[in-house]
Amino acid sequence: MRLHCIGETMKVIVDTNGNINGTLVLPVWQDSKSMAEGTEEGVHRSLKSQIELILSAGDFKGKSGTVMTLAGTEGGKAMLAGIGKQDEATLQSMRDAGAKVTASLKKIHGKTLTVKFAGVEVEHMGAFVEGMILRDYSYDKYKSKDDDESDSGEITAHVTCENEKTKELQHSAELSAAVATGVYLARDLGNAPPNDLYPMAYAQQAIEFGEKHDNVHVKVITYDEALSLGMGGLVGVGMGSARKPCMVIFEINGDKPGPSPCIVGKGITFDTGGISLKPPPSMDEMKYDMHGSATTFGVMQAIVASGHKDRVIGVACMAENMPSSNAQRPGDVIKTYSGKTVEVLNTDAEGRLVLADGLWYTGMKLNPSYIIDLATLTGACVVALGHEASGLWSNNDELLNNIKKAGEHCGEIAWPMPLFKAFEKEMTDSKIADVRNLGAGRWGGSNTAAAFLKQFVPNGKDSDEQIPWAHLDIAGTAWGAKTNKLVKTGATGIHVRTLHHLITGQ
């Protein structure tokens, strides 16, 4: 019996036979002295002898994240993959171990692998395979191709385990591959150069996505429409650029009635800081300032690919923040879609302005059960949490806890941060407008930014309480996270998996 699962770049085949195709990948518990019972089937006696000799001598300890390649025997090639101590195994340690295998593949290993498990829990096997899939990503669209294409092509991984675990592992692998297509899309969008990925280019990709799927509807609010609707936040940020802003609304399974999850993303396709110009070093990284909208699009792709049947909404607030004679100035007062006015004290605090319109539009027009926004919003969040976690703020404890648990399950940590009344008071203390777009001082900058956003979450229908809302500041996790073993470099696709798990329960 052969059960097939196809990811975007890696093909996973869950097998119940013991044949070895290509290079053998053997996950090894730490301090194992021999091959696990059940993994010997199909392994040539010469290769088996070499593996047993290495393990019995302690030459390969099996520590998590270590690998050893064996080659040169008549029995074929093998890679030993350490998965750590059995009683300390976690989903994330297994993902990292699987990712290490993919990261370690060289030309010598070829493009066909056989991963043999025995005595490993299904959820841990699934996490190992998920790590292999997620690490099998590269962004080489703009690289010239060599004449020698022998190293090109997708990897095929045959995965074997005990017969009674095969069906469950197959489902896990299929789900991982489906969700990974959303992660890859988010990474592609995040890595794309800003001269090619600008607001309406993102919108065009969204339109094409909608045209491919009968259960997806995409609406684009253009610059002129945003002007007429009074979206002063979106318009103000993007009006200085020749590439005008827009808002993109995704609706999946729109025929299903009732309040639905809504994901809102900050999409600044390039952020110069505007008139409040950023310093030149590392400004090239400001192409990543649209990763909130990249994740939003990625979640939509993952939801469709995994076959979710309920209604889900995505909103991407797209703009390019450029200095020009028509750009927004420090000292301007703008009127947002909510009707609230904002004193613009710094044009580099722009993401919160586009989100202000996106949050209000979502709450008033799209019938959300809850709203989650994602934004590469503040450097202050990176100061607080480094690259290890996204900041998490919410007006609803249940939603906050659900996001936190989903993040922990997926190995994408979302760390709760405070929404003190003092922060809200600080942001509503403008002398000439309803709200200011910058705190009074440098302290708690990620908290005051979240407090600003909270001012633009409307109350629920026929309710005196705000719609449940959460804010994820992904400034430290959207790119450049060296400790994230699931991605080589560049955009991470952060929280596509978290939000898919939150929404679908899978």
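Examine the range 40-59 for a residue that is touching a residue at least 24 places away in the same chain (Cβ under 8 Å), surrounded by 14 or more Cβ atoms within 10 Å (Cβ to Cβ) and in a strand (DSSP E or B), and state whether such a residue exists.
no
Going through Ile54, Ile83 one at a time, which residue ends up being within 27 Å of Thr166 (Cβ to Cβ) and hydrophobic (A, V, I, L, M, F, W, C)?
Ile83
Quick grid of which residues meet (1) in contact with a helix residue (DSSP H, G or I) (Cβ under 9 Å, 6 or more places away or on another chain); (2) modelled with pLDDT of 95 or more; (3) crowded, with 24+ Cβ neighbours inside 10 Å; (4) not small (Gly, Ala, Ser):
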| site | (1), (2), (3), (4) |
| --- | --- |
| Lys431 | no, yes, no, yes |
| Asn447 | yes, yes, yes, yes |
| Phe452 | yes, yes, yes, yes |
| Pro468 | yes, yes, no, yes |
| Ala478 | yes, yes, yes, no |
| Lys485 | yes, yes, no, yes |
| Ala491 | yes, yes, yes, no |
| Arg497 | yes, yes, yes, yes |
| Thr504 | yes, yes, no, yes |
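For the range 150-267, give me every one of the strands (runs of 3 or more DSSP E) that falls completely inside it and has 1 or more residues that are under 26 Å from Glu412 (Cα atoms).
155-160, 246-252
For Lys141, which of the numbered conditions (1) assigned to a loop (DSSP other than H, G, I, E, B); (2) touching a Gly at 6+ places or on another chain (Cβ under 7 Å); (3) not polar (S, T, N, Q) fails to hold?
Lys141 satisfies every listed condition except (2).
Working only within the range 335-365, note down all residues that are of a type in the set (Val, Ile, Thr), surrounded by 24 or more Cβ atoms within 10 Å (Cβ to Cβ) and in contact with a Gly (Cβ under 9 Å, 6 or more places away or on another chain).
Thr336, Val342, Val344, Thr347, Val354
Quick grid of which residues meet (1) surrounded by fewer than 24 Cβ atoms within 10 Å (Cβ to Cβ); (2) of a type outside the set (Val, Ile, Thr); (3) touching a residue at least 24 places away in the same chain (Cβ under 8 Å):
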residue: His124; (1), (2), (3): yes, yes, yes
residue: Ser138; (1), (2), (3): yes, yes, yes
residue: Thr160; (1), (2), (3): no, no, yes
residue: Glu164; (1), (2), (3): yes, yes, no
residue: Ala173; (1), (2), (3): no, yes, yes
residue: Pro193; (1), (2), (3): yes, yes, yes
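Within the range 79-92, does at least one residue satisfy the condition of being assigned to a strand (DSSP E or B) and more than 16 Å from Gln30 (Cβ to Cβ)?
Checked against the condition, which is being assigned to a strand (DSSP E or B) and more than 16 Å from Gln30 (Cβ to Cβ), the range 79-92 yields at least one hit.
With respect to Gly258, determine if the residue is within 14 Å of Glu320 (Cα to Cα) and more than 21 Å from the chain's Cα centre (by Cα).
For Gly258, the condition - within 14 Å of Glu320 (Cα to Cα) and more than 21 Å from the chain's Cα centre (by Cα) - is not met.
Given the conditions (1) under 15 Å from Lys116 (Cβ atoms); (2) at pLDDT below 95, which single one is not true for Gly65?
That leaves (1) as the condition not met.
If a residue has to be touching a residue at least 24 places away in the same chain (Cβ under 8 Å) and in a strand (DSSP E or B) to count, how many in the range 60-78 make the cut?
Residues meeting the conditions: 7.
Looking at the range 440-459, which of its residues are part of a loop (DSSP other than H, G, I, E, B), over 17 Å from Gly476 (Cα atoms) and small (Gly, Ala, Ser)?
Matches in the range 440-459: Ala440, Gly441.
The values are calculated or read from the model by the stated rules, or taken from the named source; none is laboratory data. Since the structure is predicted, the reported quantities are computational estimates derived from the model, not experimental observations. Reconstructed Cβ throughout: ideal geometry from the backbone, glycine too, with neighbour counts over all protein chains shown.
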